[in-house]
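The values are calculated or read from the model by the stated rules, or taken from the named source; none is laboratory data. Everything numeric here is computed off the predicted structure, so don't read it as measured data. Cβ sites come from the backbone with ideal geometry, for glycine too, and all protein chains shown count toward neighbours.
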Amino acid sequence: MEVTAKLRYLQSSPQKVRLVADQIRGKDVQDAVNILELSKKRAAQPMKKLLKSAIANAENRDEKLDVDLLYVSEVFVDGGPALKRIRAQPMGRAFRILKRQSHITVKLDMRKTAEGS
C-alpha cells in the first residue's frame with residue numbers, strides 16, 4: 001500500500017530542498033522524522049510536516065496499519081514557478097533575481113515483515 005503526500009510552492013530552491021530529501025530517502029519513518037528534527041537546514045521543518053502528513057494519510061486509509069513498518073520509498077523535489085524580481089545595480093542597470101519555489105512529493109510504503117519471503 002503506497003501513500004502519497006505533496007507540498008507545493010515551498011519558498012525555497014529545489015537544489016537546497018534536495019539536500020534534505022536525500023537524507024531521508026529509504027529510511028524508516030521514525031528515523032526520517034528524527035533526522036529532520038535535528039537538521040539545521042531551513043527546508044527540514046516543512047519536510048517534517050509533510051512526512052507527518054503522509055503518515056496521517058496512511059493511518060486514515062487503513063485503521064490496522066502498523067506505523068513502524070512504514071518507510072520513505074520515494075521522495076522527489078521538482079521546481080515550481082520562479083518569482084522574477086529586479087535589483088537595482090550601478091550605472092542605471094537592473095539585474096534579475098529569481099526567487100525559486102519547490103514542489104515536494106513523499107511516498108511511503110510498507111516494509112515486508114519477513115525479508116526474503
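Numbers for the structure displayed
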{"item": "When residues of segment 61-87 are limited to those that are aliphatic (A, V, I, L, M) and touching a strand residue (DSSP E or B) at 6+ places or on another chain (Cβ under 7 Å), the one surrounded by the fewest Cβ atoms within 10 Å (Cβ to Cβ)", "result": "Ile86"}
{"item": "Extreme residue, surrounded by the most Cβ atoms within 10 Å (Cβ to Cβ), among residues of segment 16-26 that are touching a residue at least 12 places away in the same chain (Cβ under 8 Å) and not in a loop (DSSP other than H, G, I, E, B)", "result": "Val17"}
{"item": "When residues of segment 88-117 are limited to those that are over 26 Å from Arg61 (Cα atoms) and either aromatic (Phe, Trp, Tyr) or in contact (Cβ under 8 Å) with a residue 12 or more places away in the chain (or both), the one surrounded by the most Cβ atoms within 10 Å (Cβ to Cβ)", "result": "Ser102"}
{"item": "Of the criteria (1) in contact with a strand residue (DSSP E or B) (Cβ under 8 Å, 6 or more places away or on another chain); (2) in a loop (DSSP other than H, G, I, E, B), which one Leu7 fails", "result": "(2)"}
{"item": "Segments classed as strands (runs of 3 or more DSSP E), wholly inside segment 27-117, with at least 3 members that are touching a helix residue (DSSP H, G or I) at 6+ places or on another chain (Cβ under 7 Å) and closer than 16 Å to Pro14 by Cα", "result": "70-79, 102-110"}
{"item": "First in segment 59-87 and within 21 Å of Met47 (Cβ to Cβ), second anywhere and among the polar types (S, T, N, Q) and part of a helix (DSSP H, G or I), Cβ under 9 Å, 6 or more apart", "result": "Val67/Gln30; Asp68/Gln30; Leu70/Gln30; Val77/Gln15"}
{"item": "Residue in segment 5-18 that is at pLDDT 95 or above, more than 19 Å from Gly80 (Cβ to Cβ) and polar (S, T, N, Q) present", "result": "no"}
{"item": "Qualifying residue in segment 36-51 (condition: of a type in the set (Lys, Arg) and either in contact with a Phe, Trp or Tyr (Cβ under 7 Å, 6 or more places away or on another chain) or modelled with pLDDT under 95 (or both))", "result": "no"}
